[in-house]
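Quick notes on the structure that follows.
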Amino acid sequence: MESITKLRKVGGSIIATVPKKIIELEGLVPGQTVRINVEKIRKSFFGAAKGIGSFTKEDKRWMEGRSHD
């Protein structure tokens, strides 16, 4: 099973929390050894600029470096 979690610092260590749903589904118990595959997640900015409207023809020309055509 796969899950995304945020790392946090505790003392000199970094902790990754295993969600309760995964613990229950996998039957995990404290002290058990598990394998973790680490993969950085690229931050998505989709929807970060809500309300600015659609690109215009002028915006497209500016992005292509042709703002004065």
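The values are calculated or read from the model by the stated rules, or taken from the named source; none is laboratory data. Owing to the predicted nature of the structure, the values given are computational and were not obtained by experimental measurement. So basically every Cβ, Gly included, is an ideal-geometry build from the backbone, and we count neighbours across all protein chains shown.
Observations
- Long-range neighbours under 9 Å by Cβ, at least six apart or interchain, first residue under 22 Å from L7 (Cα atoms) within the range 37-66, second at pLDDT 75 or above and assigned to a loop (DSSP other than H, G, I, E, B): N37/E2; I41/I4
- Search result, residues across the range 8-22 that are surrounded by 10 or more Cβ atoms within 10 Å (Cβ to Cβ), outside any helix (DSSP H, G or I) and of a type in the set (A, V, I, L, M): I15, A16, V18
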